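Here the structure is laid out as structure tokens; the discussion comes afterwards.
The values are calculated or read from the model by the stated rules, or taken from the named source; none is laboratory data. These numbers come from a predicted model, not from an experiment. So basically every Cβ, Gly included, is an ideal-geometry build from the backbone, and we count neighbours across all protein chains shown.
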Amino acid sequence: MTEGENLSLKRRILQVGCAIAWCLLAAGPVFGFAAFKPILIREGVYSDKCHEAPSASAILQLSKITSSFLITRDQESGHMCEAQDLSLNLIFTLAAVVTNVSALVVGTVLDVWGPRVSGLLGSFFLTLGALAFKYSKYIYNESPLDPYLSGYILLALGGPFVFISCFQLANSFPKNSGLILALLTGAFDASSALFLFYRIGYTKWHPVSLDKFFTVYLLVPLFIAICEVTIMPKKSYKTVGTLAKIGETQIDETGRPIDRELLLPEDREDNTTNANHPQFTITETTSLIMRRASFSRRDSTASRLSYSSRMSSKSIYEQDAEDRLMNSSGGVFGILHGFDVIDQLKSKWFLLMTAFTTIQMLRINYFVATIKSQELYLYKDEQLAATINHFFDIALPVGGILSIPFIGLLLDNLRTNIVLTILSVVSVVLGIMGVLSWLPATYTGIILLVLYRPFYYTSVSDFCAKVFGFQTFGTIYGTLISISGICNILQSTLDSVTHEVFKMNPIPVNLILTGLTLLFAVLLISFINSQIYNVRRKNLEIEAQEAPLRTGH
């Protein structure tokens with residue numbers, strides 16, 4: 001290894017290490033709201049609302065429909081009135097919406113200006129959010145701007161910018177791209193623990209005020225900005241679509257495997273022209289193998305239709321990888337590849353998956369925001385409810401990290417319709433566990449939820465890549481998550497119904513969400529199974545038509 005190559009290697013390792021570090025601190029801390037809320041109450045955030053009549057302002061009007069925690073005495077944080085509770089819940093509701101909606105914006109910024117601009121924008125939003133909390137006591141009383149609401153939203157907005165901009169680093173080490181993506185995803189899941197550690201330190205050792213905590217937190221966006229300017233790449237190693245392709249097929253944009261061992265013997269030679277050329281060079285030997293492969297693939301009815309419609313410019317490696325995915329996905333892979341993005345957005349594949357995703361996102365965020373009130377209603381024991389809440393605070397980041405290797409195994413070895421069936425069954429089980437006042441069921445439900453959450457998000461992206469293709473992956477996935485995020489505002493309606501109609505009883509809302517999950521799961525899986533059946537039927541028809549030609553009759 002030359003000195004220049006060694007320097008480049010060290011730089012890439014440093015880039016990945018810095019990205020993981022800041023993702024741990026900034027990618028998604030807003031999802032640790034359950035741990036952050038007791039601190040906000042102890043610090044007196046919105047406590048003034050307990051002594052005044054509700055105003056007619058737009059913010060308070062919106063917060064009137066957000067209620068999730070049973071209004072009672074919190075063992076750790078003192079008294080909490082209804083108006084204060086409504087305003088605090090509004091913070092998380094809007095932050096969750098912003099986090100998901102911003103995914104589409106981040107994708108556009110990455111495509112147009114690159115990862116450095118995206119990272120710097122994220123650093124800027126995080127700085128503004130931290131400053132809003134640092135000077136919140138002064139701003140809140142002297143300005144019409146709500147520093148707590150705007151600050152939390154800015155933190156939620158900055159997270160996706162600094163997180164998604166890191167995806168392109170996965171191909172800084174092509175053979176380890178899966179590991180790097182797993183580490184970045186694990187860092188995102190673990191970032192919810194930021195406020196958990198803050199709460200533990202606040203309650204167990206010393207109550208560090210919001211202004212002091214966020215003064216220290218300002219070092220995080222400063223660190224990100226310095227890294228972006230000094231060591232991070234200005235341009236992406238790879239686009240999001242290319243990363244999706246690599247993740248699914250293990251084939252890079254040149255048509256070659258990222259694992260050298262998968263190359264054909266004649267392609268393993270150090271041929272710089274072939275390795276660096278933007279298009280894969282098909283050798284005479286490769287061409288013969290492609291022709292032989294075209295006949296051998298006829299033995300697989302699931303892959304025959306896909307192969308017959310495939311562009312001839314694709315390499316043998318791409319074709320083989322896509323055939324494997326066609327078989328492993330049960331016939332789903334490639335079904336809408338090459339279609340216009342508008343047609344893809346109008347398809348039942350997209351509409352049904354969006355409906356299913358929306359319900360799941362709504363369920364997860366509703367539980368995150370209301371776990372204390374739900375357990376308090378079910379067990380009528382404040383101390384026990386607080387204990388369950390604390391268990392969830394710890395389980396959320398830990399479960400996200402522990403589930404990573406199992407997610408890969410499931411997605412790689414199970415058909416798409418089977419994966420969605422597992423998601424649906426687990427979601428229904430979660431709904432049942434959530435209405436039982438039985439401790440084993442409650443803790444089992446929490447463990448399942450923290451494992452289910454990353455599995456669900458990863459399965460959605462896997463579905464989009466397999467069904468819609470890599471060229472439109474960013475647009476399709478970003479649109480799906482954005483629509484689901486916008487619909488997450490319905491969490492406010494669920495809070496209102498729980499509080500006003502069901503008198504803080506969470507069971508009816510949980511049953512409604514479970515019923516909707518079952519409905520859309522049945523519709524989605526039934527549709528997918530019908531499409532797979534149609535593909536196989538057409539393949540059999542093609543086989544029947546070609547059989548006489550192969551036998552010479």
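Tell me, which helices (runs of 4 or more DSSP H) wholly within region 116-220 include 1 or more residues that are more than 30 Å from Arg12 (Cβ to Cβ), of a type in the set (Ser, Thr, Tyr) and not assigned by TED's automatic domain parsing to the domain that holds Gly400?
Numbers: elements: 136-142, 147-164, 177-190, 193-204, 210-217.
Per the criteria, 136-142, 147-164, 193-204, 210-217.
On the stretch given as region 479-503, residues that are surrounded by fewer than 20 Cβ atoms within 10 Å (Cβ to Cβ) and either not assigned by TED's automatic domain parsing to the domain that holds Phe367 or not β-branched (Val, Ile, Thr) (or both) total 7.
Residue selection: Gly114 fails the criterion of being of a type in the set (Gly, Ala, Ser), touching a residue at least 12 places away in the same chain (Cβ under 8 Å) and buried (at least 23 other Cβ atoms within 10 Å of the Cβ). For Val501, are the conditions met, namely being β-branched (Val, Ile, Thr) and in contact (Cβ under 8 Å) with a residue 12 or more places away in the chain? When the stated conditions are applied, Val501 does not pass them. Scanning region 334-370 for residues that are touching an Asp or Glu at 6+ places or on another chain (Cβ under 9 Å), among the aliphatic types (A, V, I, L, M) and farther than 20 Å from Ser530 by Cα turns up just one, Ala369. When the residues of region 441-451 are filtered to those that are without any contact (Cβ under 8 Å) to a residue 40 or more places away in the chain and of a type outside the set (A, V, I, L, M), the one that is nearest to Phe350 (Cα to Cα) is Gly445. Does region 510-526 contain at least one residue that is surrounded by 20 or more Cβ atoms within 10 Å (Cβ to Cβ) and more than 30 Å from Asn413 (Cα to Cα)? Yes, because at least one residue in region 510-526 is surrounded by 20 or more Cβ atoms within 10 Å (Cβ to Cβ) and more than 30 Å from Asn413 (Cα to Cα).
Which residue, of Ala395, Ala386, is under 21 Å from Leu194 (Cβ atoms), within 18 Å of the chain's Cα centre (by Cα) and buried (at least 17 other Cβ atoms within 10 Å of the Cβ)? Reasoning before the result, please.
Working: Ala386 fails: within 18 Å of the chain's Cα centre (by Cα).
Answer to the check: Ala395.
Of all residues in region 80-90, one or more are assigned by TED's automatic domain parsing to the domain that holds Leu169, at pLDDT below 85 and of a type in the set (Gly, Ala, Ser). Restricting the first member to region 210-236 and to residues that are farther than 16 Å from Phe163 by Cα, and the second to residues that are of a type in the set (Lys, Arg) and in a helix (DSSP H, G or I), the beta-carbon pairs closer than 6 Å and six or more apart or on different chains are Asp211/Lys134; Phe214/Lys134; Thr215/Lys134.
Filter region 351-383 down to the residues that are free of Cβ contacts under 8 Å to residues at least 40 places away in the same chain and assigned to a helix (DSSP H, G or I) and list them by number. Listed by number, the list holds a single entry, Leu351.
Please tell me if Asp412 is surrounded by fewer than 17 Cβ atoms within 10 Å (Cβ to Cβ), outside the structural domain of Leu24 (by TED's automatic domain parsing) and over 21 Å from the mean Cα position of the chain (by Cα). Taking the combined requirement at face value, the residue does not satisfy it.
Which of the following residues is buried (at least 22 other Cβ atoms within 10 Å of the Cβ) and in contact with a Lys or Arg (Cβ under 8 Å, 6 or more places away or on another chain): Ala130, Ala170, Ala156?
Values: Ala130 fails: in contact with a Lys or Arg (Cβ under 8 Å, 6 or more places away or on another chain); Ala156 fails: in contact with a Lys or Arg (Cβ under 8 Å, 6 or more places away or on another chain).
Result of the check over Ala130, Ala170, Ala156: Ala170.
Taking into account only those residues within region 468-485 that are out of contact with any Ser or Thr (no Cβ under 9 Å at 6 or more places or on another chain) and modelled with pLDDT under 85, which is farthest from Val112 (Cα to Cα)? If we take residues in region 468-485 being out of contact with any Ser or Thr (no Cβ under 9 Å at 6 or more places or on another chain) and modelled with pLDDT under 85, then Gly469 is farthest from Val112 (Cα to Cα). Tell me, which residue of region 483-529 that is under 23 Å from the mean Cα position of the chain (by Cα) and of a type in the set (Ser, Thr, Tyr) is nearest to Lys466 (Cα to Cα)? In this case the residue turns out to be Ser484.
Among the residues of region 356-377, those identified as within 21 Å of Lys37 (Cα to Cα), of a type in the set (Ser, Thr, Tyr) and buried (at least 23 other Cβ atoms within 10 Å of the Cβ) are Tyr366, Thr370, Ser373.
If the condition is being in contact with a helix residue (DSSP H, G or I) (Cβ under 6 Å, 6 or more places away or on another chain) and in a helix (DSSP H, G or I), then region 498-517 contributes Thr498, Val509, Asn510, Leu513, Thr514, Leu516, Thr517.
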